[in-house]
Amino acid sequence: MNTALLARNARILLPTLSFVVILLAVFWLQPRAMSYVGLNLLLNLALPIAFATIAQMFVITVNDLDLSLGAYVGFVACVGATWLGEQPALGVLVLAAGIAVYAAVGALIHLRNLPSIVVTLGMSFVWLGLAILVLPTPGGKAPDWLRALMTWKTPIVPFAIYALLALAIIVHFGLMRSAYGAVLRGAGGNPRSVERAGWSLLRTKMVMFALAGVFGMFAGLALVGLTTSGDANIALRYTLLSIAGVILGGGEFTGGRISPVGAVIGAMTLTLAGSFLSFLRLDPDWQIGAQGVILIIVLALRVLINRAEARTA
Amino acid sequence: MNIRPGAGHSAPGRFPVMQATTSSLISLGGVEKAFGAVRALSGVSLDVAAGTCVGLVGHNGAGKSTLMNILAGTLQPSAGRLGVAGEDVSAGYGVATANRLGVRCVFQELSLCPNLSVAENARILHPSLKGLGWRRRAAALIGGKLDAIFPGHDIEPGQIVGDLSIARRQMVEIARAFSATDRNVRLVILDEPTSSLDGVLAAQLLSFVRGFVAEGGTVILISHLLAEILNTSDRIVVMRDGGIVADRPASGFSRASLVESMGSVAREMDARHARTGGGAAERRVSATAKRQPEAAPLIAGRGEIVGLAGLGGHGQTDMLVRIFEGARMRTAGVTVEGRTAIVAGDRQTDGVFPLWSIGENATIASLGRMLRGMLIDPDAESRMAAEWKERIGIRTPDMRNPILSLSGGNQQKVLFARALGSDADIILMDDPMRGVDIGTKQEVYSIIRREADAGRTFLWYTTEMDELKHCDRVYVFRNGGIVAELSGDEITEDRVLHSSFEPAA
Amino acid sequence: MSLLRRLLDKPWLGAYAGALAIWLATIAFTEGQGGAGVLTAALSFATFSVLVAIGQMYVITLGPGNVDLSIPATMTLAGAVSMKIMDGNDPMIVPGLLIALGCGAGVGVFNYGLIRLLRIPPIIATLSSSFVFLSAAISYSRGIRIKPPPLLADFTTWIVAGIPVLAVAGALLTLAMSVVLHRTVFGRTVTAIGQNPRAARLAGLHVDRVRFATYVMCGVFAGLTGYLVSGFSGGAALNMGSEYLLASIAVVVIGGTSVAGGFANLPGLWGAAMLLFLLVTMLNTYGFGAGIRLVLTGVIIIAVITLASRKAVR
């Protein structure tokens, strides 16, 4: 039992460790970050990224990749900054339609056996275009309730920490512990055998894409709640961040091997890495490059650990 | 002998008693199946009564797997009638119907989800395992079944399948096939279930099968190990060339008559040349198994045909790949003098390039010799293709046709052409005769002998006894290592089987 | 008859047919005005897409998971470094070119190092390295835009009888790369790896060496394109590569190359690149706003892929 437990948790051991190391480094550079306000500043942007990472994780579980996620999050943010406040009924309807489109994209990919990266690449144009149609120039205003939620002064630790915790726990139970969650992950691990047992692969694909739509929507809403105004280009980098977050969190591109808790930690690590680099007073030219280096180091560590594990096994 | 299956789920009453009518559980009439030009099944009729264990034997490519895939609902027959439990299901039979009627299949390629735990894999098969506490119930279901079949096993329901050894995965797969919830189990098809199990586990499984049958369950058992078939089955069905050639109670067969009806006629042995051992000939290969770096190495000399025997998956393929790579980069324990080429046995995963023509598949290992300047000379390429179409008899109107237009046996010939046509001194063959018809085999055997006489070295892994008789020496593998070396008249089925099973001395 | 059927079987037909249809739809709207001019412009811009797409196509042909996301960063780096070295001097054109190609090769070596030595999946490896190289480009150029040597600018914008000379050169290069794909051991090995890497290894092919060369080659093509785009557009800009990331992948796939690897198609690149450019032109001509234009672009890409998949699915 012990070894089984260890093997299960090894997947999120490294992400956790990287997160702790980078958090300590931030505290060391900037002791003032060790406060309610400091933590809030550090982590509130992690929430939308974590939502997006979880969304990407659902798609990766069934061996696909969503390259339209960033554009979609931007689209949701634009809807959130306009219709959701002005005409709530229309706003809710449009957001629901977005989720339906996600499910339809999943169905299309499954039925026509299309490569997901190409279809979602096309969808990234569609979402970006729609976002521009909704909000041609940056602006708009987030609904008050959303704004209030995102700036909620929760006791002891900031709201973002509660929300991240809740996100990790809810998705963990939904995907890793529920009965249908096992089928969904199985559809990534061995689709033929899942189909042979009588499950519909079309349905699993649609469910996973729809879930990606739901969590991508949360990402967009959280983002617009924080920034208060919308912009079609606001989240384009979320596509790549979310993929990096899943992988950083111990997930793999194929075979349905993912970890929701790891993905949330991965997203937090990426956010902190950004702050860490700005505290380092690094030449701003090298900010992006340093993110790349951090990504490479963590992934290299993972390979080393995996190799050591393989040797002892 | 009679192991009583454990906990509640498989109490005798759960197997529905067949009606007073002694109608068969399975009834096939004139089932045919063709893959393109290849006829895999030609009119198979078979009735299987409930509460029996039917042994199904036949050489590779005889049509056993195709027939079982049709029963499991994963292949649709081209023609014929199919009845299960008195219900005519010829129209629209598929996995859904098979599941509903309680037909289960343990396929040779494992069908578990490697990223899920053992219990979660049980859940995949049983839709009713849901709601609160499903994990506990799933663990109890699969754990109970494992206890019943393989007492003393050490598999935890929470373990991830991908972390288990092949043998344990096979055990889980078998236990899952026998597990019942509201989704009942009536017929279990076991396709080479013991191929990766050791003797103790295999015996546990077979005695469980007897118990299951005694309680009214039905089993179709496919195995290459004739003793297993003879001892476990009530009835034995022999297939050859896509049809049933014998069907009698097991007591009506002896080992010899079984072998005879499968179509292995005793071959004249004078084909064997008296040959010098590996020590005397110019040594080309010396390799130790990775698992036993200290043991005596496998040796092969110029002009020798060396067999690698033993049960499937006991390290023979790994050894061939090890020698292949040893010829390209320094590998501890492996010395290879000369160039190597491999003839893959598992065509789909190791050999064929599916998008290419027959010609391109044949010439890929020889392109280096066809360069004119930097470019491949297309004339030289088509000359080689034409030459080998002739020499090895590839049945196609045009070598420019896609490789997938060929039958499996002809695809295999292309892989032979690739290796034999290359400039390799050492040819490694990875059980290459699977699915190859008997005529082709004879042609290939004689080519191999000719090429060996001309100085080439062959390392030949095969699961078929008859082929070992073409070898000068044979190494028997078990659990990833060499356990015996046989030469000349020592190469007999008994000696090989004996070494394949006996615990290490 | 059989000739016609063989022609219809060509996977690149869809791309050319689509490009033609869009061009006709455009000039129908303008009643024939500027049809030739549109083609000239399309050829110019298509050349750049095709050049990056050739490298990307070889990488994608290596099989599932293989893709180079560092193309934009490589273009920017190569453009910035070569422009600074040439500093507007005509005699430095050739050294500048070599340096641009060298930058590309360097990125390729680094990428494959991450993929092979650190076992990082190509998507993440090339993504991470693109961050590093983009930073390098930013830091190196210090935001100053240096004009290309006049001769280079003239060459990249040289048009003879309505046909850009660069497009002709690009077509010759495409032809050469097509020969490389079909008639060299390297090209055969690339397609073999894409179909079945294990079988390729067991057939005695040099799998690692060829994968390495392919990633380096992709970098070299990106470097070359960065150099030419800088010359064409009056200097290196930091964001000049960004549109080529999606374009390189889309052009490869629409052009009929299999995303699953093992099958590549060079003629299709031109059809697909023309299609993408003409599509934007058409939507501009029709006077659509940016939003509608993007939506339609996306929808049309997906439609083309869906239609093309009927033949590709085996």
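The values are calculated or read from the model by the stated rules, or taken from the named source; none is laboratory data. Note that the structure is a prediction, hence the values are computed from the model and not measured. Cβ placement follows ideal geometry from the backbone for every residue including glycine, while neighbour counts extend to all protein chains displayed.
Some observations on this one:
Listed here are the residues, each with its yes/no results for (1) β-branched (V, I, T); (2) surrounded by fewer than 24 Cβ atoms within 10 Å (Cβ to Cβ); (3) more than 7 Å from every other protein chain (Cβ to nearest Cβ); (4) under 14 Å from C:Y215 (Cβ atoms).
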{"site": "C:N89", "(1), (2), (3), (4)": "no, yes, yes, no"}
{"site": "C:I93", "(1), (2), (3), (4)": "yes, yes, yes, no"}
{"site": "C:G106", "(1), (2), (3), (4)": "no, yes, yes, yes"}
{"site": "C:P121", "(1), (2), (3), (4)": "no, yes, no, yes"}
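- Segments classed as helices (runs of 4 or more DSSP H), wholly inside segment B:295-413, with at least 1 members that are closer than 30 Å to B:R39 by Cβ and at pLDDT 90 or above: B:358-363, B:378-392
- Where B:C471 falls short, out of the listed (1) part of a loop (DSSP other than H, G, I, E, B); (2) in contact with a His (Cβ under 7 Å, 6 or more places away or on another chain); (3) not aliphatic (A, V, I, L, M): (2)
- Within segment B:319-330, the set of residues being more than 10 Å from chain C (Cβ to nearest Cβ) and either over 23 Å from B:M433 (Cα atoms) or exposed (fewer than 15 other Cβ atoms within 10 Å of the Cβ) (or both) comprises B:G326, B:M329, B:R330.
- Residue match in segment C:201-208 (condition: among the charged types (D, E, K, R) and touching a Leu at 6+ places or on another chain (Cβ under 6 Å)): no
- Segment A:281-309, subset under 22 Å from A:G251 (Cα atoms) and β-branched (V, I, T), residue farthest from the other protein chains (Cβ to nearest Cβ): A:I305
- Answer residue from segment A:101-111, given it is more than 14 Å from A:V76 (Cβ to Cβ) and more than 9 Å from chain C (Cβ to nearest Cβ) and is surrounded by the fewest Cβ atoms within 10 Å (Cβ to Cβ) among those: A:L111
- Every test in (1) surrounded by 21 or more Cβ atoms within 10 Å (Cβ to Cβ); (2) part of a helix (DSSP H, G or I); (3) away from chain C (no Cβ under 12 Å) is passed by A:L93 save one, and that test is (1).
- The one condition in (1) modelled with pLDDT of 85 or more; (2) outside any helix (DSSP H, G or I); (3) closer than 22 Å to B:N184 by Cα that B:A148 fails to fulfil: (2)
- Listed conditions (1) more than 14 Å from chain C (Cβ to nearest Cβ); (2) surrounded by 16 or more Cβ atoms within 10 Å (Cβ to Cβ); (3) of a type in the set (D, E, K, R) are all met by B:D489, apart from (2).
- Taking each residue of segment B:248-264 that is within 19 Å of B:A62 (Cα to Cα) and of a type in the set (G, A, S) and looking for partners that are at pLDDT below 75 and not in a helix (DSSP H, G or I) with beta-carbon atoms closer than 7 Å, six or more apart or interchain, yields B:G263/B:H59.
- Any hit, segment B:152-169, residues being among the polar types (S, T, N, Q), facing chain A (nearest Cβ under 9 Å), assigned to a loop (DSSP other than H, G, I, E, B) and surrounded by 21 or more Cβ atoms within 10 Å (Cβ to Cβ): yes
- Residues that are within 11 Å of another protein chain (Cβ to nearest Cβ), surrounded by fewer than 24 Cβ atoms within 10 Å (Cβ to Cβ) and of a type in the set (G, A, S), drawn from segment A:244-272: A:G255, A:G256
- Scanning segment B:227-243 for residues that are crowded, with 18+ Cβ neighbours inside 10 Å and either more than 13 Å from B:L206 (Cα to Cα) or in contact with a Gly (Cβ under 6 Å, 6 or more places away or on another chain) (or both) yields a total of 9.
- A search for C-beta distances below 9 Å between a residue of segment C:281-298 that is in contact (Cβ under 8 Å) with a residue 12 or more places away in the chain and facing chain A (nearest Cβ under 8 Å) and any residue that is part of a helix (DSSP H, G or I) and surrounded by fewer than 16 Cβ atoms within 10 Å (Cβ to Cβ), counting only pairs 6+ apart in sequence or on different chains, returns C:R293/C:N284.
- Residues (more than 27 Å from B:D318 (Cα to Cα) and more than 10 Å from chain C (Cβ to nearest Cβ)) located in segment B:345-372: B:S357, B:I358, B:G359, B:R369
- Looking across segment A:15-72, the residues that are in a loop (DSSP other than H, G, I, E, B), touching a residue at least 12 places away in the same chain (Cβ under 8 Å) and either within 18 Å of A:A244 (Cα to Cα) or among the hydrophobic types (A, V, I, L, M, F, W, C) (or both) come down to A:L45, A:V62, A:N63, A:D64, A:L65, A:D66, A:L67, A:S68.
- Residues satisfying the stated conditions in segment A:203-240, i.e. of a type in the set (A, V, I, L, M), surrounded by fewer than 24 Cβ atoms within 10 Å (Cβ to Cβ) and within 14 Å of another protein chain (Cβ to nearest Cβ): A:L236, A:L240
- Filtered by the rule that a residue be within 14 Å of chain C (Cβ to nearest Cβ) and not in a helix (DSSP H, G or I), segment A:112-163 gives A:R112, A:N113, A:L114, A:P115, A:L135, A:P136, A:T137, A:P138.
- Among the numbered conditions (1) buried (at least 20 other Cβ atoms within 10 Å of the Cβ); (2) among the small types (G, A, S); (3) free of Cβ contacts under 8 Å to residues at least 24 places away in the same chain, the only one that B:S382 does not meet is (1).
- Evaluation of C:I249 against the conditions (1) part of a helix (DSSP H, G or I); (2) more than 8 Å from chain A (Cβ to nearest Cβ); (3) over 20 Å from C:L43 (Cβ atoms); (4) under 19 Å from the mean Cα position of the chain (by Cα) shows that the sole unmet condition is (2).
- Criterion violated by B:I342 - all others in (1) surrounded by 15 or more Cβ atoms within 10 Å (Cβ to Cβ); (2) farther than 21 Å from B:A365 by Cβ; (3) not charged (D, E, K, R) satisfied: (2)
- Here C:N196 meets the list (1) more than 14 Å from chain A (Cβ to nearest Cβ); (2) under 18 Å from the mean Cα position of the chain (by Cα); (3) not basic (K, R) almost entirely, failing just condition (2).
- Every condition in (1) more than 30 Å from B:A287 (Cβ to Cβ); (2) surrounded by fewer than 20 Cβ atoms within 10 Å (Cβ to Cβ); (3) in contact with a Lys or Arg (Cβ under 8 Å, 6 or more places away or on another chain) holds for B:G333 except the one numbered (1).
- Filter pass, B:V185 being closer than 20 Å to B:V118 by Cβ and touching a residue at least 60 places away in the same chain (Cβ under 8 Å): yes
- The C-beta contact set for segment C:150-166 (first residue under 17 Å from C:A36 (Cα atoms), second residue in a loop (DSSP other than H, G, I, E, B), distance under 6 angstrom, 6+ apart or interchain) comprises C:V165/C:W158.
- Test: residue in segment A:204-224 that is farther than 23 Å from A:N40 by Cα and not in a helix (DSSP H, G or I): no
- Extreme residue, farthest from C:G79 (Cα to Cα), among residues of segment C:137-152 that are modelled with pLDDT of 90 or more, touching a Ser or Thr at 6+ places or on another chain (Cβ under 9 Å) and assigned to a helix (DSSP H, G or I): C:L152
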